[in-house]
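See below for the structure under consideration.
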Amino acid sequence: MERIIQQTDYDALSSKICALQFSYLPPNKGTLSEPIDETLQSLYQDIKSLHFEYYKTLKEESRNVYGKINKLMRNPFPVMNYGTYLRTLAIDVSLIKFINSFPIDQHFQIVNLGSGSDLRFIQYLNMFGDRVERFIDLDFKDAIILKQKILKDSITLDHIIQSYRDKFVMLPGDLKNVAGTLEKLTQFLNPKIPTIFITECVLCYMTENDSKQLVSTIMNEFPTGCWISYDPIGGSDVNDKFGTIMKRNLMDSRNLEMPTLLIYNSKSNYPQRWDNGKSEIVIKDMWDFLSESISDIEKKRLRSLQFLDEIEELKIMQSHYVILNTTWT
Ligand SMILES: C[S@@+](CC[C@H](N)C(=O)[O-])C[C@H]1O[C@@H](n2cnc3c(N)ncnc32)[C@H](O)[C@@H]1O
């Protein structure tokens, strides 16, 4: 099962490369009506070259993985590209907002749990370098080994990593082993500094008990923190078959399980893992995010990229993906 779950990272990476190739990402200037639009533009400055460099090096490192990703990229559905665009943007908007909520000279730490091939650490270290005390990527051992190899084999990426070697840490581990995870994290983190945790499409692969324990242990251990979590939700309406179909498809095609898809199945149920009576929680689905946060001019640009005839399908799909933001002190 570990191997099957780990391979979902290839979906995430191929989707991102695809969204970059089809120019969904980076978003245009003026995408958000909020003042953070400018920060977002700087953050995305090198996103294309970084990912293409990673992808190119991956080809030399593992033909097998490269072949898998290439195959996934051959069928670029517009709804999939929209999904990647919204997911990427929503997480970065949340991260920037959390960072902006800290005093201007406040140092902070970022932990990407189940980071896979995500290259956010480069974007954030480039952008907020002085203030980022630590950036940790944690994933299964094989995922970390592959990522380390790729980063080392690319002269460009290795150069970047070297310049951040005191700040960036890649940790192999299994999130299901909560005590072990905590032990590893606390070796590198200062609990007195605000820490932002990210779980992007990760908790959905854990059981209810394991994911609950992971969240509550971290929230107890770190007195001041923020959490950004993105996942699919199965839907709570009796007529809503999204989760049941998704679960069946994943099982039939890959023998892959999403144990909590039908448990944390709605915007009101998803936050339960973080709700300790003290934390402040905000949750929205990706359709809300597209409708409310993205400017009309950017929506027009997105429509021009690929022909999308099924707006209803996009709406159904994106109403079943959520982003949660929470802070606790
Ligand atoms: C769908 S991928 C998402 C990768 C990355 N967060 C992103 O969105 O680009 C899920 C990732 O979570 C990792 N993961 C899932 N369960 C895990 C666990 N118990 N321990 C460590 N990593 C885990 C997988 O190995 C994989 O890299």
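The values are calculated or read from the model by the stated rules, or taken from the named source; none is laboratory data. Quick caveat: nothing in here was measured; it's all calculated off a predicted structure. Positions of Cβ are generated from backbone atoms using ideal geometry, with glycine treated the same way; all protein chains shown enter the neighbour counts. SASA here: full protein model, heavy atoms, side chains in, ligands and nucleic acids out. Shrake-Rupley method; radii C 1.70, N 1.55, O 1.52, S 1.80 Å.
Restricting attention to region 216-232, the residues being without any contact (Cβ under 8 Å) to a residue 60 or more places away in the chain and aromatic (Phe, Trp, Tyr) number 1.
Could we say that LEU302 is closer than 19 Å to PRO78 by Cβ, open to solvent by 10 Å² or more (accessible area, probe 1.4 Å) and touching a residue at least 40 places away in the same chain (Cβ under 8 Å) here?
The answer is no for LEU302.
Restricting attention to region 96-107 and to residues that are in contact (Cβ under 8 Å) with a residue 24 or more places away in the chain and farther than 15 Å from ASN325 by Cβ, the residue that is farthest from the ligand (Cβ to nearest atom) turns out to be ASP105. Applying the set (1) of a type in the set (S, T, N, Q); (2) out of contact with any strand residue (DSSP E or B) (no Cβ under 7 Å at 6 or more places or on another chain); (3) under 23 Å from ILE122 (Cα atoms); (4) in contact (Cβ under 8 Å) with a residue 12 or more places away in the chain to THR207 leaves exactly one unmet item: (3). Note on region 16-46: among residues that are open to solvent by less than 20 Å² (accessible area, probe 1.4 Å) and among the hydroxyl-bearing types (Ser, Thr, Tyr), the one that is farthest from the ligand (Cβ to nearest atom) is THR31. For region 136-154, give me each residue that is β-branched (Val, Ile, Thr) and closer than 14 Å to ASP9 by Cβ. Answer for region 136-154, where residues must be β-branched (Val, Ile, Thr) and closer than 14 Å to ASP9 by Cβ: ILE144, ILE145, ILE150. Scanning region 149-177 for residues that are closer than 30 Å to GLU257 by Cα and open to solvent by 10 Å² or more (accessible area, probe 1.4 Å) turns up LYS149, VAL169, MET170, LEU171, PRO172, GLY173, ASP174, LEU175, LYS176, ASN177. Sort through VAL132, VAL65, VAL93 and tell me the only one that's in contact with a helix residue (DSSP H, G or I) (Cβ under 9 Å, 6 or more places away or on another chain), farther than 22 Å from ALA19 by Cβ, of a type outside the set (Gly, Ala, Ser) and in contact (Cβ under 8 Å) with a residue 24 or more places away in the chain. Selected residue: VAL132, the only one of VAL132, VAL65, VAL93 that is in contact with a helix residue (DSSP H, G or I) (Cβ under 9 Å, 6 or more places away or on another chain), farther than 22 Å from ALA19 by Cβ, of a type outside the set (Gly, Ala, Ser) and in contact (Cβ under 8 Å) with a residue 24 or more places away in the chain. Of the set (1) small (Gly, Ala, Ser); (2) within 15 Å of the chain's Cα centre (by Cα); (3) open to solvent by 40 Å² or more (accessible area, probe 1.4 Å), all apply to SER49 but (2). Taking first residues from region 6-25 that are of a type in the set (S, T, N, Q) and partners that are away from the ligand (no atom under 13 Å from the Cβ) and open to solvent by 10 Å² or more (accessible area, probe 1.4 Å), the Cβ contacts under 7 Å between residues at least 6 apart in sequence or on separate chains come to SER14/MET73; SER15/MET80; SER23/LEU305. Could you look through region 185-244, keep only residues that are among the small types (Gly, Ala, Ser), in a helix (DSSP H, G or I) and over 22 Å from THR329 (Cβ atoms), and pick out the one that is modelled with the lowest pLDDT? Out of the qualifying residues, it is GLY243. Residues that are open to solvent by 30 Å² or more (accessible area, probe 1.4 Å) and either among the hydroxyl-bearing types (Ser, Thr, Tyr) or within 16 Å of ASP137 (Cβ to Cβ) (or both) within region 96-122 comprise just one, SER101.
When only residues in region 168-209 that are charged (D, E, K, R) and over 20 Å from the mean Cα position of the chain (by Cα) count, which is nearest to ASP118 (Cα to Cα)?
To start, the set of residues in region 168-209 that are charged (D, E, K, R) comprises 174, 176, 183-184, 192, 200, 208.
Still in the list and also over 20 Å from the mean Cα position of the chain (by Cα): 183-184, 192.
Numbers: GLU183: 23, LYS184: 20, LYS192: 26 Å.
Selected residue: LYS184.
Is it true that LEU138 is closer than 25 Å to GLU61 by Cα, free of Cβ contacts under 8 Å to residues at least 60 places away in the same chain, within 12 Å of the ligand (Cβ to nearest atom) and not hydroxyl-bearing (Ser, Thr, Tyr)? For LEU138, the condition - closer than 25 Å to GLU61 by Cα, free of Cβ contacts under 8 Å to residues at least 60 places away in the same chain, within 12 Å of the ligand (Cβ to nearest atom) and not hydroxyl-bearing (Ser, Thr, Tyr) - is met.
Check LYS152, LYS192, LYS167 and return the single one that is touching an Asp or Glu at 6+ places or on another chain (Cβ under 8 Å) and either within 24 Å of ILE99 (Cβ to Cβ) or among the polar types (S, T, N, Q) (or both).
The unique qualifying residue is LYS167.
Which one is modelled with the highest pLDDT, of the residues in region 60-80 that are basic (Lys, Arg) and open to solvent by 90 Å² or more (accessible area, probe 1.4 Å)? Across region 60-80, the extreme among qualifying residues is ARG63.
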